[in-house]
């Protein structure tokens, strides 16, 4: 996958690198870019050779949000099937839905949809020099891409309200203080930091364990403690009899890299229902 709006590559460690590639417009979202991102995420979910994912932007920005080159028609959907075909999801396959670790390498400015897409990722590395904001209320619309769900669960209601209801932009240090960033580093270190995290996970963490744990983490906010205990128990019953539960301790004691046998596509459990 290597069209003009999005680049996709996979390294020998099983880390997929997705690059939003419209640097001349700060990677503002086009229909092709969003479709390419959905296709890339879908491939990452389905391909067992891919164990972790990094998303970044080409040039000096991560993503400037909606393409406002024709400002008056920025939010006009009348030419694309109207509201019957409209979804505020942004990307048809959100990062939190795929069964691999997804790290956002936010190498520069992330505004509007660019920021809300980053919030769908599991981990977020931000450039200290960038400007960040969910500014949609200052553009006459509102936050999108599941942001009313992702932001509250990630930073709490009060901080989500400060970010989303004011529509302000924030510096990297301010985003870190608000709890949005996992790390804030100089812009020239963002991608290498994200790739290091992804590669370490791809090599040392069992893919099936990561996939199962990720799904439970993202749904845990809607569960009671008893429901979480039930699901953890049932999922352990699925994972513990498998070869990786032997390989993990043995490779650790032998001080070598593990050789994981589990495959997400083949070994995915029947998901336990709530109690």
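What the table below lists for this structure:
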read-out	value
Members of the range 194-226 found to be surrounded by fewer than 17 Cβ atoms within 10 Å (Cβ to Cβ) and over 23 Å from residue 146 (Cβ atoms), listed by number	196, 200, 203, 204, 225, 226
Restricting the range 137-173 to residues that are in a helix (DSSP H, G or I) and in contact (Cβ under 8 Å) with a residue 40 or more places away in the chain, the residue that is farthest from the chain's Cα centre (by Cα)	139
Residues of the range 41-53 that turn out to be surrounded by 24 or more Cβ atoms within 10 Å (Cβ to Cβ) and either without any contact (Cβ under 8 Å) to a residue 40 or more places away in the chain or in a strand (DSSP E or B) (or both), as a count	2
From 211, 245, 226, 206, residue being touching a helix residue (DSSP H, G or I) at 6+ places or on another chain (Cβ under 9 Å) and farther than 29 Å from residue 106 by Cβ	245
Count - residues of the range 22-40 that are surrounded by 24 or more Cβ atoms within 10 Å (Cβ to Cβ) and at positive phi	1
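Here, each number is a calculation from the coordinates, and none is a lab measurement. Please read all numbers here as calculations on a predicted model, not as lab measurements. Every residue, glycine as well, gets a Cβ built from its backbone with ideal geometry; the counts of neighbours run over all protein chains shown.
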